[in-house]
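The structure appears right after this line, and notes come after that.
The values are calculated or read from the model by the stated rules, or taken from the named source; none is laboratory data. No experiment lies behind these values; they were computed from the predicted model shown. Here the Cβ is made from the backbone with ideal geometry for all residues, glycine too, and neighbour counts use every protein chain on show.
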Amino acid sequence: PRVAVIVVAAGSGTRLGGRAPKAFVGLDAHTILRHALRGVFAAPAAQVVVVAPAGREGDALTEALETAGDRRDLVSIATGGSTRQESVQAGLHAVWPDVEIVLVHDAARALTPPAVFERVIGAIEAGAAGAIPVLPVIDTIKRVDGPAIVAAVDRAELAAAQTPQGFRRDVLDAAYAAADEDFTDDAAVVASAGHPVAAVAGDPLAFKITTPADLERARGLVAPVAP
Ligand code: CTP
Ligand code: MG
């Protein structure tokens, strides 16, 4: 089945507090978006849709074409909206008719290894309507009410969700068309439409660059090791 990857890169990066939209902040000589696209183009994608901030479509296209190598024909650009959900919706409208599996990936998860894409695609090829990478929760988790600890929560029942999140194309299209509230990820949109979503193993390197500390961590990971 043909796979499209929608890379949502239209956020402003408020919590990062940089001068440029987050996707265009540098990790080394290259931007967060460029690093994210390297992982995407290592996956078996038939189309890559980059959802850019309004006004930055040309920059996003340049980044994508420079990463694509001889696969330039795969690249499409869409303009993002004011929420992640609107940006995903804009990306979905640009997906080619013959695509059967759609992955949605945060550009901010710039260092996601290609194996994570392969696990998500594999789960859908094996019959799942949707699949998302997850990591076990490491911290002990409490339910709180203001300053009071209300209950301990068994962390074995919990997992932290990452991207790329993958779905059968028909399922994702219908779920987004029906979404009537704000959901925090694509799996929640699809679950609200009544479809089961499977979990596959995530990867610590798929962490989302959200805060300045995350940016420092990512920069350390891509920096050359001193001789
Ligand atoms: N995103 C998007 N369009 C939006 C909001 C977010 O495409 N309107 C994308 C971001 O570019 C990012 C991913 O969704 O790759 C996850 O969002 P987040 O980490 O929250 O990024 P920002 O919204 O840019 O950051 P902040 O919430 O701190 O402003
Ligand atoms: Mg945000």
> Looking at (1) modelled with pLDDT of 95 or more; (2) part of a helix (DSSP H, G or I), can you tell me which one Ala156 breaks?
Replying inline: (1)
>> Six or more apart or on different chains, Cβ atoms under 7 Å: show the pairs whose first residue is in the range 106-133 and at positive phi and touching a residue at least 60 places away in the same chain (Cβ under 8 Å) and whose second is surrounded by fewer than 24 Cβ atoms within 10 Å (Cβ to Cβ) and among the polar types (S, T, N, Q).
In response: none
> Scanning the range 14-24 for residues that are of a type outside the set (A, V, I, L, M, F, W, C) and under 16 Å from Ala60 (Cα atoms), which turns out nearest to ligand 2 (Cβ to nearest atom)?
Replying inline: Lys22
>> Cβ contacts < 7 Å: first residue on the phi > 0 side of the Ramachandran plot, restricted to the range 5-18; second residue within 10 Å of ligand 2 (Cβ to nearest atom), any location; separation 6+ or different chain. Result?
In response: Gly13/Lys22
> Restricted to the range 56-102, and to residues that are out of contact with any strand residue (DSSP E or B) (no Cβ under 6 Å at 6 or more places or on another chain) and not in a helix (DSSP H, G or I), which residue is nearest to Phe183 (Cα to Cα)?
Replying inline: Thr83
> Can you find a residue in the range 25-34 that is within 16 Å of the chain's Cα centre (by Cα) and under 28 Å from Ala128 (Cβ atoms)?
Replying inline: no
> Pairs, please: C-beta under 7 Å, at least 6 apart or cross-chain, first residue in contact (Cβ under 8 Å) with a residue 12 or more places away in the chain and surrounded by 14 or more Cβ atoms within 10 Å (Cβ to Cβ) and in the range 178-202, second in a loop (DSSP other than H, G, I, E, B) and aromatic (Phe, Trp, Tyr)?
Replying inline: Val189/Phe183; Ser192/Phe183
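Results for (1) under 23 Å from Ser87 (Cβ atoms); (2) modelled with pLDDT of 95 or more, shown as yes or no for each residue.
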site	(1), (2)
Ile138	no, no
Ala161	yes, yes
Pro164	yes, yes
Val171	yes, yes
Ala174	yes, yes
Thr184	yes, no
Asp203	no, yes
Gly220	no, yes
> So which of Arg15, Arg19 is charged (D, E, K, R) and either crowded, with 21+ Cβ neighbours inside 10 Å or under 24 Å from Gln89 (Cβ atoms) (or both)?
Replying inline: Arg15
> Can you pull out the residues in the range 1-49 that are within 11 Å of ligand 1 (Cβ to nearest atom), among the charged types (D, E, K, R) and either assigned to a loop (DSSP other than H, G, I, E, B) or in contact with a strand residue (DSSP E or B) (Cβ under 8 Å, 6 or more places away or on another chain) (or both)?
Replying inline: Arg15
> What tally of residues in the range 158-175 results from selecting those that are surrounded by 23 or more Cβ atoms within 10 Å (Cβ to Cβ) and touching a Leu at 6+ places or on another chain (Cβ under 6 Å)?
Replying inline: 2
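Does any residue of the range 80-89 turn out to be crowded, with 19+ Cβ neighbours inside 10 Å, of a type in the set (Ser, Thr, Tyr) and in contact with a Gly (Cβ under 6 Å, 6 or more places away or on another chain)? Break it down stepwise before answering.
Taking the range 80-89 and keeping what is crowded, with 19+ Cβ neighbours inside 10 Å, we get 80, 84-85, 87-89.
Still in the list and also of a type in the set (Ser, Thr, Tyr): 87.
Now restrict to residues that are in contact with a Gly (Cβ under 6 Å, 6 or more places away or on another chain): 87.
Yes, the range 80-89 contains at least one residue that is crowded, with 19+ Cβ neighbours inside 10 Å, of a type in the set (Ser, Thr, Tyr) and in contact with a Gly (Cβ under 6 Å, 6 or more places away or on another chain).
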> Mind checking which residues of the range 46-81 are more than 17 Å from Phe24 (Cα to Cα), in contact with a helix residue (DSSP H, G or I) (Cβ under 7 Å, 6 or more places away or on another chain) and without any contact (Cβ under 8 Å) to a residue 24 or more places away in the chain?
Replying inline: Arg72
